[in-house]
Amino acid sequence: MIDEQAIVDEAGDQSFPASDPPSWTLGRRSSAPIRVGHPEWEPMTAYVAEMSYFSGKMEAYLRYKEIPFERRVVGMKVMRDEVLAATGLMKVPVIRMANGQWLKDTTPMIEWLDSQYPDPPVIPKNSALRFLSKLVEDYADEWCWRAALYWRWRPTESRKLLMSRIGSEVLGDFPAPNWLAGWYFGRRQIATYLTGDGMTAETEPHIKQHYLDLLDNMSAILENQPFLLGSHPTLVDIGLFGPMFRHYAEDPTPSRVMEERAPAVSAWVGRVWNARASQLPAERTLSDFSHRGWEYFLKEIVQTYWPFLLRSAEAWKAGNKRVDHHAHGVTYKGLRVVHYRVYCLEVLQHEYETLSPSDRKAVDDALAPYGRLELMPGLRSGLMKEHELPLPSTRPQPSTLQRLVLGLTGTPWDMPRTPEE
Ligand SMILES: N[C@@H](CCC(=O)N[C@@H](CS)C(=O)NCC(=O)O)C(=O)O
């Protein structure tokens, strides 16, 4: 059980060992959120795409924290000319601060912004809760991705709509008619993230079921509380908002499933999007992860996601581009080895290894019913510096030819580097 007193002390939050349903009673924060302004950074410009998983995640965070920002909805030209030049990848969301500095990648962005705009924190201050929350965020980012892509691109009605939206919203400057550009991009998403990432006749039912399991377990957690850890949004809400908002709640097929099967999740999506720190009560009550609805997530993380990160990191070290992964009684064959995920494992491992003995015991106890986190000693992804924020003002620029190729083929999933010896 996570040390209740430590949570109160470190976080200024009241937190309670959750019963089932959780007994979240009122704790008191001494004051309303103190808005720490950073005029040199504000307003920030968030480069986003309307149908983007990670853009939805980032915007929910900025909105809740009331960090002044302007949205810039981007197409390929801006991706190529501005985002690529400043961040080294053509991916959204990224942020350009008023002083010209750039931020990229939602996980480090949220971590950095939460340290600069500390009240109220989204990342729990208690180290055990913080680590568990980061595990859930990472799982939402990297493992929930495949099923969210499945529900977007596999049902015909969703696929047709999204091809058309991408053609007009993202690829307006592509050298082809919008419908053709949208079709091309849609096929590329399917080839990269579904058939090219472990979807076979054997795994497809499991990929499809994943969404339904998320809905059922989130519904259970939300039975007695407005947000996933209690009275206020925290990192786990923001992380799971990634798949739940722009994909599941907005794409035609999964949105109907959500409305029918999980109205509590549908309401939560609206609640997170509408949440503003200054408008929520100063009293803040968070529970730990012992609500029965979390069992599914912790089990998935220990038995499926963490071993997947380990297998990916081992394959990356061995110089392999593909890896098989056994989960849910089936084999996901030929999954892409994504260098970024080696970085994710390195960050999480570091966080786990630097927990105090009592916090580590609290984490181990929470995960014990499902197994334990195996560690990979001496793991170095070589990507830690790349994700230090704000980004350096200059970086090596791609050649004109590389820019042309990237413009035509789209963002590679990953820009891998060879393992450091
Ligand atoms: N790890 C990154 C992932 C960002 C990402 O993959 N963004 C997608 C949109 S949701 C993207 O820009 N994809 C561009 C493409 O596939 O060409 C983050 O957390 O920000």
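Since every read-out is calculated from the coordinates, none of them should be taken as a lab result. All values reported here derive from a predicted model rather than from experimental measurement. Reconstructed Cβ throughout: ideal geometry from the backbone, glycine too, with neighbour counts over all protein chains shown.
Length available on full extension from residue 324 to residue 98: 0.36 nm per residue minus the Cα-Cα distance, which gives 76.9 nm. Computed 3J(HN,Hα) for the range 76-81, one whole-Hz value per residue from the Karplus formula 6.51 cos²θ - 1.76 cosθ + 1.60 where θ = phi - 60°, is 4, 5, 5, 4, 6, 7, glycine and proline marked x. Given their separation in residues at 0.36 nm each and the Cα-Cα distance between them, residue 364 and residue 179 gain 61.5 nm when the chain is fully extended.
Sketch the reach of a paramagnetic label on residue 261 as a point 7 Å from Cα along Cα-to-Cβ, and name the residues of the range 120-160 whose backbone nitrogen lies under 19 Å away. Answer for the range 120-160: 140-141, 143-159. Quick note on the range 176-287: its Rg to Rh ratio, both from C-alpha atoms and Rh being the Kirkwood radius, is 1.07. Figure legend: label point modelled 7 angstrom from the Cα of residue 402 along Cα→Cβ; residues of the range 89-110 with amide N under 17 Å from it are 89-91. For residue 70 and residue 333, what is the calculated FRET efficiency with R₀ set at 35 Å and r taken between the beta-carbons, to the nearest 0.05? Taking R0 as 35 Å, the efficiency between residue 70 and residue 333 is 0.20. Straightening the chain between residue 279 and residue 156 buys 40.2 nm, computed as 0.36 nm per residue apart minus the Cα-Cα spacing. Ranked by the mean number of other Cβ atoms within 10 Å of their residues, highest first, the peptides 213-223, 387-397 come out as 213-223, 387-397. Taken along its three principal axes, the alpha carbon spread of the chain comes to 59, 53, 51 Å, from the longest extent down to the shortest.
Dividing the helix sum by the residues of the chain, where each DSSP H run of 4 or more adds -39500 (n - 2.57), gives a mean residue ellipticity at 222 nm of -14000 deg cm²/dmol.
Summarising the amide proton neighbourhood of residue 335: residues at separation of 5 or more, or on other chains, whose placed amide H is nearer than 5 Å comprise 323, 324, 325. Beta bridges assigned by DSSP with both partners in the chain are antiparallel in approximately 60 percent of cases. In whole percents, the pair-distance distribution calculated for the range 35-163 from its alpha-carbon pairs, binned every 5 Å from zero, is 2, 9, 17, 21, 18, 16, 10, 5, 2, 0.
Rg/Rh for the range 317-421 stands at 1.05; both radii use Cα atoms, and Rh follows the Kirkwood definition.
Counting Lys and Arg as +1 and Asp and Glu as -1 over every other residue whose Cβ lies under 13 Å from the Cβ of residue 219, the net charge comes to -3.
If you take the Cα centroid of the range 354-404 and the Cα centroid of the range 282-301, the two points sit 23 Å apart.
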